[in-house]
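Derivation of every value follows stated rules applied to the coordinates shown; laboratory data play no part. Just so it is clear, the structure is predicted and the values come from calculations on it, not from any experiment. In this analysis, Cβ positions are derived from the backbone assuming ideal geometry, glycine residues included, and neighbour counts consider all displayed protein chains.
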Amino acid sequence: MPARRLADQFESLEKQEHAAKFGLWVFLASEILLFAALFGLYTAYRLMYPAEFARAAGHNNVAIGTINTLILITSSATVALALWAVRGGLKRLASGLVLFSIGCGVLFLILKGVEYNQHFQAGIFPGEAYRNAELTGHGAELFFNLYYLITGLHAIHVIVGLVVLCWLAEGSLRGRFGPGNQARFELGTLYWHLVDIVWIFVWPLLYLLRE
Amino acid sequence: MSEERDYRDDPGGTSPFDQANLSFPPDYLRDGRGIRSWLLTTDHKRIGVMFYAIIVLMLGLGGIFALLIRTELLTPERTVMSASAYNRFFTLHGVVMVFLFMIPSIPNVFGNFLLPIMIGARDLAFPRLNLASFYVYCVGSTVTLAAAIWGGVDTGWTFYVPYSTSTESSVFLVAVGIFILGISSILTALNFIVTTHTLRAEGMRWLDMPLFVWAIYATSIIMLLATPVLGLTLVLVALDRIAHIGMFDPRLGGDPVLFQHLFWFYSHPAVYIMILPAMGVISETVCTFSKKPPSSYWAIAISSLGIAFVGFFGWGHHMFVAGMSEIDAGIFGALSMFVAIFSAIKVFTWTATLYRGNITFTTPMLYFFWFLFLFTFGGMTGVAVATQSLDVHWHDTYFVVAHFHFIMVGGTITAFVGAAHYWFPIMFGRMYSERMGLLTSTSVFFGFLFTFVPQFLLGNAGMPRRYYSYPPRYQWLNVVSTGGAYLLAGALLLTLINLLVALKWGKRATPNPWGSRSFEWMTAAIPIKHNFETPPVISRGPYDYHLSEEQAHARTKAR
């Protein structure tokens, strides 16, 4: 296992790891505000067009949305377990769990793609390309634009999270992480939990609050 | 080996010769040569200096745009440019001054340079992230300025919809540029917050930190939490332009007022991003040049956090005439006035600090007095425009322009230039010409007054902001204002020249030329790469003027 490097400005590794973890939490706070702006818009427009929003949400595939929620929560649990495995020195288990989580993330994106495709089939495109004949009106269009914005921004975060998880999987396969040397691993898992927790708010807003 | 180096390890000043044959590490300016050692540095001081250079350039650019606007306004009709060129120039002036100069100015230059030294750290917590922030800033400012050349932008710096989603000018590119600049802000803020939490020297408690650190810390919190909202809002405007998502477009069911809410949710706190660091500078200056601790350390530190907190709830006062109910306007007005309470706490504390102080009238101290006067003036008119009945009259007039320039120029730029003088010795190891400093400082003040006092009168007389032509009865005030602007610009240019001359020919500075007790002055005349040879241990407060300089040094050293 390569030795952990102590940067010049820190006096101990504990402090350095604490700083890194704290820094990531601070960053996540900033990320939350990024989504908060979209959730704020959603709330405002939902109050403006309550009926149209409920009807439009009814068009979303609640089965896919719910399965995706389960998938993400499962993947969050498995990366948490992977961290536990790294702490215990169970290298193979850790990398296996991370690979499983990556699989979940990919599956999530595939299902998301299926859902987007269903919308496109129905003529529900973002912006001026929208041409659904049943769900008309400004409220419905705004709902779907917000749907694309929120899920799109979330999907970008899923993709970034998957890249991070790949790095974790590669690192644990090569033994870069181990007991007492899991700080960076923990950072990666924290980011993945953000992806999960944002989705937990997306799910009721876009799928469950329906007619 | 020059003489001032010897003081560093020998604060008692016994004899420079005792240590003459010890080898000292070179100072940060000489540690590594060549352009690569600068461009790839992770030293917070060098990054601060790089920011310094580029930000002064931006100030110059924004100033030139300001002069062009003022020149155009010399006569009621066309003077030097067309109306559409005028629209582009006032937009550019706002965008450059707000996003490229003012927001990064004090935090990224002086915060970067001094925050680690003040808390006894060897660097920021994430030095590479700090360098990344610099380059992200460079990319963002390039994109933003590219928009200026590529068609220009004529929306004003506020990008109000629906005009910003329908105008032909290159709003898209500017929105992208500002989004990128926001990333730089967030990275820097994150770095400062983590550094303040984790890298304070042994023995330094939160209430032992210099007040400048508190101010930068409060600023960082605002940057961290408000910037993403602005970034996202501008991305929505950009998307609206290319894909017509209609998020703020009334033709598509969107609500333009929502844009204003989101925009001011960032941009009102952004005002405090601009002024809080300035207040930090002022707190340091007044203590150093009065040779006294602040009359209440606690009041200044906590009111910074108070402003940061309340600042998030005042944004609605920009929208009193945008269809807001009277109750909402009343609530937003009252919340805005809380900011005035916190600011007044600071003003009174600074003033009380002077009482029975041992005051030296140096250039930074003169800037302190200008700041105190102009900021109070700007703040009081701020309370006035936070009152809805008055705001209906003054809204979108030159009164508002004058009000926020009193804060932004009279407050922030005054403090920025004051800081440039105050910390010049530690940053570059030289002394500037005090006589020129006092002269330029006085000219800055009078140039400022001549520029902006007429604008209060213009606004009160009903001249709207951003107008190209105006009735002839407003002309004499506009002429005075333009004359003042040229005086102000000339004075700032002379200030720059004075500092540049000092950089090359200035007298060598001693490590603590002002006789301050603040921690940044306990290093060498020019700090070494990692600031301290041994990690300091702090056993005193930053304003312990009852201690002699020797004692003060002794209590910041490892025993």
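Miscellaneous remarks
- For chain A, the C-alpha radius of gyration divided by 2.2 N^0.38 Å, with N the number of residues, is 1.19.
- Residue range of chain B that is longest and free of GluC sites (Glu not before Pro) which are both DSSP loop and sparsely packed (at most 15 other C-beta within 10 Å): B:169-532
- For chain B, convex hull volume per residue from C-alpha positions, Å³: 141 Å³
- Hypothetical label at A:W167: residues of the range A:20-36 whose amide nitrogen lies under 15 Å (7 Å Cα-Cβ projection): A:20-21, A:23-25, A:27-28
- Here's how it looks for B:R430: its modeled amide H is under 5 Å from those of B:A509, which are all 5 or more places away or on a different chain.
- Linear extension gain, B:E202 paired with B:R33, 0.36 nm per residue minus alpha-carbon span: 57.6 nm
- For chain B, the longest principal axis of the C-alpha atoms and the axis of helix B:211-243 are separated by about 30°.
- Per-q log10 I(q)/I(0), the range B:230-389, q = 0.13 Å⁻¹ (Debye; single scatterer per alpha-carbon; no solvent): -0.71
- Ordering B:D154, B:D27 by the number of other Cβ atoms within 10 Å of each residue's own Cβ, fewest first, gives B:D27, B:D154.
- Neighbours of B:W423 by Cβ distance under 10 Å: Lys/Arg scored +1, Asp/Glu scored -1, total -2.
- Separation of the B:I302 and B:I497 label points, Cα + 7 Å toward Cβ, nm: 4.9 nm
- Centroid-to-centroid, using Cα positions, the range B:512-559 and the range B:278-317 are 23 Å apart.
- The distance between label points at A:L70 and B:F348 comes to 6.3 nm (points 7 Å beyond Cα on the Cα→Cβ vector).
- Annotation: extensible slack from B:E326 through B:V479 equals 51.3 nm (criterion: 0.36 nm per residue apart, minus Cα-Cα distance).
- Separation between Cα centres of the range A:108-124 and the range B:118-182, rounded to whole Å: 34 Å
- Cα shape, the protein assembly as shown, gyration tensor, a/c 1.5 rule: oblate
- Cα-based helix-to-principal-axis angle, B:475-505 vs chain B, degrees rounded to 10: 30 degrees
- Percent RCO, i.e. relative contact order, over chain B, from Cα pairs under 8 Å lying at least 6 residues apart: 18 percent
- The range A:13-208: relative contact order as a whole-number percent, Cα under 8 Å and 6+ apart: 35 percent
- Prolate/oblate/rounded label for the range A:15-100 (Cα gyration tensor, a/c 1.5): oblate
- Over the C-alpha trace of the range A:93-184, radius of gyration and Dmax come out as 18.8, 59 angstrom.
- Gain upon complete extension [A:H193, A:F22; 0.36 nm per residue less C-alpha separation]: 60.0 nm
- Centroid-to-centroid separation of the range B:400-437 and the range A:158-211 [C-alpha atoms, Å]: 46 Å
- Acute angle (nearest 10 degrees) that the helix A:183-203 long axis makes with the longest principal axis of chain A, alpha-carbon atoms: 10 degrees
- Flagged links, alpha-carbon separation over 23 Å, of B:K504/B:K529; B:K45/B:K507; B:K292/B:K529; A:K15/B:K346; A:K91/A:K112; B:K292/B:K346: B:K292/B:K529; A:K15/B:K346; A:K91/A:K112
- Column: log10 I(q)/I(0), Debye, Cα scatterers of the range B:424-559, q = 0.12, 0.14, 0.17, 0.18 Å⁻¹: -0.69, -0.78, -0.91, -0.96
- As a ratio to 2.2 N^0.38 Å, the alpha-carbon radius of gyration computed for the range A:59-140 takes the value 1.56.
- Within 10 Å of the Cβ of each residue in A:125-137, the mean number of Cβ atoms contributed by other protein chains is 2.
- Placing R0 at 22 angstrom, the Cβ-Cβ distance between B:E434 and B:Y355 gives a FRET efficiency of 0.30 after rounding to 0.05.
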